[in-house]
Amino acid sequence: MQRKKIPSPGFSAKHPIIFGFSLLILVMALMWGAMAFFNGNLRNSMFSSDAIGVVNVKGMITDPIPVVRFIRRLRDDPSVKGVLLRVNSPGGLIAPSQELYLAVKRCAEVKPVVASFGSVAASGGYYAAAPATLIVSNSGSLTGSIGVKAEYANIRELMDKVGIKPEIFTSGKFKAVGSPMVPLTPEQRTYLQNLILDMHDQFVGDVASARGMDRKKVEKIADGRALTGRQAYKLGLVDKIGSYEDAVAYLKAACHLEGSAVLIEGPEKKVPFLSQILGYLGLKPEGAASIDGWRFSY
């Protein structure tokens, strides 16, 4: 008598939860790939309509290179008729903000650039947007904060209490400036203050030049104060009060575009796959806006 062999259950039957989760990941990967394909540069060859570039400036400004490169690509692409600069940044380092400023300025010399302010576009965030052809801000956006600051913690008294006496050897009297173990001398304080004032002078000069404003008028409000979009409008730091949608409409009008337009958005940011899944499911939290340590909500 021949026994009939009963087939063993497959992996999906043995591990239904793992199989289901793997299948979900596969589906999400396919969705992500499809979205990346249709949002990429290939669409320029797939569609003949004119395009609008959307540049996102988000978070602290520390590494401007991806944004600068993307702006340059949009500037040199003849199919891109205008650029929307969406700013949602509390600022950042001086030199990176200046690099964004120059990139926006050079792009605005070639084609219209409309800046749109999100929850916050302050300090370096405003610096980057200043050369735009037109600046549109929500009335409740936080902007301005034109100024420069430097800070460090001095722990010399704490070290004295625990019996630690540091020795620092330098090649010059200013080389150890900023060390947390050495108190500043009056001469060093003057040196640091002059550095800050020089950076501030550059900031004020660039804003005045980009906005076509009298320098003295900018100096009066360049004391580090944060402003609402409505206040900034009254002071001449922004041109229009409006939303993202309004900014797009202004840009299309400046580019003489009617109807829908292809949007080329970037720069592309590498996001962990799990974070993408959470984003699709609406489970990814958004950070609160802040300026110089203060946190704001509306």
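No value in this document is a laboratory result; all are computed from the given coordinates. Here the structure is a predicted model, which means the values were calculated and not measured. For neighbour counting, all protein chains shown are included, and Cβ atoms are generated from backbone atoms with ideal geometry for every residue, glycine included.
What is the distance, in nm, between label points placed 7 Å from the Cα along the Cα-to-Cβ direction at A253 and at M60?
Once both label points are built, they end up 3.9 nm from each other.
Please compute the length gained on full extension between N154 and Q188, using 0.36 nm multiplied by the number of residues separating them and subtracting their Cα-Cα distance.
10.8 nm
For R69, what charge total do you get from the other residues with a beta carbon under 14 Å from its beta carbon, if Lys and Arg give +1 and Asp and Glu give -1?
Net charge around R69: 0.
For M213, M159, what ranking results if the residue with the fewest other Cβ atoms within 10 Å of its Cβ goes first?
Ascending Cβ contact count within 10 Å gives the list M159, M213.
What list do you get for L263, L100, L26 if you sort them by fewest beta carbons within 10 Å?
L26, L263, L100
Could you give the length gained by full extension between V110 and I168, i.e. 0.36 nm per residue of separation minus their alpha carbon distance, to one decimal place?
Gain on extension, V110 to I168, equals 15.7 nm.
Can you tell me how region 112-209 classifies by the Cα gyration tensor, rounded, prolate or oblate, using a/c under 1.5 as the rounded cut?
Judged from the Cα gyration tensor, region 112-209 comes out prolate (a/c at least 1.5, a/b above b/c).
So which of K175/K220; K58/K105; K111/K252; K105/K240; K105/K252 end up more than 22 Å apart by C-alpha?
K175/K220
For D201 and K175, FRET efficiency with R0 = 22 Å and r from the beta-carbon atoms, rounded to 0.05?
Given R0 = 22 Å and the Cβ-Cβ separation, E is 0.35.
What is the magnitude of the charge dipole of region 146-224 about its Cα centre, with +1 placed on the Cβ of each Lys and Arg, -1 on the Cβ of each Asp and Glu, and no other charges, expressed in debye to the nearest 20?
That gives region 146-224 a dipole magnitude of about 40 debye.
Considering only DSSP states other than H, G, I, E and B, which trypsin sites (Lys or Arg not before Pro) in region 128-222 qualify as loop sites with at most 13 other Cβ atoms within 10 Å? Please list the in-between numbers first.
Values: sites: K149, R156, K161, K173, K175, R189, R211, R215, K216, K217, K220; in loops: K149, K173, K175.
Answer in residue order: K149, K173, K175.
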